[in-house]
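The structure appears below as structure tokens.
The values are calculated or read from the model by the stated rules, or taken from the named source; none is laboratory data. Everything numeric here is computed off the predicted structure, so don't read it as measured data. For neighbour counting, all protein chains shown are included, and Cβ atoms are generated from backbone atoms with ideal geometry for every residue, glycine included.
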Amino acid sequence: MARLTEDQEIQIAKHTINLLKELASVQTQEQKDALLMQLSIVNLWAHKALTQKHFDPLDLAKRIEKAIELDKYRPKNMNLVQLAISEDLDYIGGDFDTFDRKLNKMFKDNADPDKIRDRFKAGTANIYTLAKQFSADWIQRLKNHKDLVDVARKADTEKMLDAYNNLFRALSQDFCTEYNCVIDAKLVQDWATSDERPKDLTLSGFHSPRRFLELTNDMSDAEKQKKKEEFLKDPNNHPDSKKMSIVRINLGNIVNITDPKDLFATLISTFAHEMHHALDYQNARQGALGPQISLIDAKTYVPHEKDKQAYFSSASEISSYEIEHELLNQLKRTRI
């Protein structure tokens, strides 16, 4: 994921370290209480590590400093304090993916899917910080295409689809260049006329995971035909099979429930929601969840039309909705 000029979470961690060192040096209980109150506002995870897990302030500060040094190896769904207090901190020497032993055991033991989804809450604890960073990235992409943004904002009803699709195309290209993914994203007038549609026609957008066959120009027609036939037998396991995503956003459904002044922000944030589903599917290590949670979430996922409560408890939905809400609020506050 593209970082801000200086990662917001690292800024918070450095502020936390200063507070912890100051906390270790003060003498009176009044001073300690004041600093603990400040710490609870700045970094609740660090506050809990002190007050509930009884870490020494200086020891915790040193562990957070080490966690910052190891940040490039940190799973994105784990915040810096979680890494700092992890038993694995002193054994990290290279890249690794998020892993939750309890979640893995639950999955292997075929635990109740509702209990597995409840466990996702621990695995998505860092989503609020990540949502701010992902949202800032989307705003930067929009700024890079200000001409297309201006056209989309000003487009009347007849020109709106073309205007937004030009913008979606540019944003998708930037996103997929950054994350090495393949996404076919479009704004459609309604599901009835769309080339792709969800089963639940009340949805404003949807993501459909797909596979495609990668063929090269140096292949003969006979070779291409043979590979196509092999691919159709088992698309998921064919050696030349690649992941791709279909993303569709329904203009009509969004217009019907959106204040006109918020239409641009709502369309873009809904688009981002579905794009992050695509990222979770194609390149989970770069998304907010990591491979383990993404894989288990896909196995336990329940569509909106079957069970709304289970749908909203999906790790991928928790993640995408938080990114959508954060971006929507930022776009309402920021005129691009």
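Among the residues making up the stretch 177-216, those that are under 14 Å from residue 275 (Cβ atoms), in contact with a helix residue (DSSP H, G or I) (Cβ under 9 Å, 6 or more places away or on another chain) and either among the basic types (Lys, Arg) or assigned to a helix (DSSP H, G or I) (or both) are 178, 179, 186. For the stretch 204-216, a tally of residues being of a type in the set (A, V, I, L, M, F, W, C), surrounded by fewer than 17 Cβ atoms within 10 Å (Cβ to Cβ) and touching a residue at least 60 places away in the same chain (Cβ under 8 Å) returns 0.
Okay, residues lined up against (1) in contact (Cβ under 8 Å) with a residue 40 or more places away in the chain; (2) within 21 Å of residue 331 (Cβ to Cβ); (3) in contact with a Lys or Arg (Cβ under 8 Å, 6 or more places away or on another chain):
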site	(1), (2), (3)
264	yes, yes, yes
270	yes, yes, no
278	yes, yes, no
283	yes, no, no
288	yes, yes, yes
296	yes, no, no
305	yes, no, yes
308	no, no, no
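The single condition from (1) out of contact with any Ser or Thr (no Cβ under 9 Å at 6 or more places or on another chain); (2) under 13 Å from residue 127 (Cβ atoms); (3) of a type in the set (A, V, I, L, M) that residue 318 fails is (1). Taken over the stretch 11-58, residues that are touching a residue at least 12 places away in the same chain (Cβ under 8 Å) and either of a type in the set (Lys, Arg) or not assigned by TED's automatic domain parsing to the domain that holds residue 79 (or both) amount to 3.
Take the conditions under 25 Å from residue 315 (Cα atoms) and either hydrophobic (A, V, I, L, M, F, W, C) or part of a loop (DSSP other than H, G, I, E, B) (or both) and apply them to residue 46. Does it pass? In short, yes.
Residue-wise test of (1) loosely packed, with under 13 Cβ neighbours inside 10 Å; (2) modelled with pLDDT under 95; (3) not assigned by TED's automatic domain parsing to the domain that holds residue 272.
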residue	(1), (2), (3)
147	yes, no, no
166	no, no, no
186	no, no, no
232	yes, yes, no
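Could you tell me whether the stretch 303-323 includes any residue that is in the same structural domain as residue 181 (by TED's automatic domain parsing), surrounded by 19 or more Cβ atoms within 10 Å (Cβ to Cβ) and over 14 Å from the mean Cα position of the chain (by Cα)? Within the stretch 303-323 (the criterion being in the same structural domain as residue 181 (by TED's automatic domain parsing), surrounded by 19 or more Cβ atoms within 10 Å (Cβ to Cβ) and over 14 Å from the mean Cα position of the chain (by Cα)), the answer is yes, since at least one residue qualifies.
Close Cβ contacts (under 8 Å, 6 or more residues apart or on different chains) running from residues in the stretch 233-258 that are within 18 Å of residue 182 (Cβ to Cβ) and free of Cβ contacts under 8 Å to residues at least 60 places away in the same chain to residues that are surrounded by 18 or more Cβ atoms within 10 Å (Cβ to Cβ) and not charged (D, E, K, R) comprise 238/231; 240/231; 241/231. Going by what's in this entry, would residue 108 be described as surrounded by fewer than 20 Cβ atoms within 10 Å (Cβ to Cβ) and either at pLDDT 85 or above or closer than 21 Å to residue 327 by Cβ (or both)? Answer is no for this residue. Checked against (1) under 15 Å from residue 247 (Cβ atoms); (2) aliphatic (A, V, I, L, M); (3) in contact (Cβ under 8 Å) with a residue 60 or more places away in the chain, residue 170 meets all criteria but (3). Residues in the stretch 184-203 that are among the small types (Gly, Ala, Ser) and touching a residue at least 12 places away in the same chain (Cβ under 8 Å) were compared, and the one that is nearest to residue 248 (Cα to Cα) is 185.
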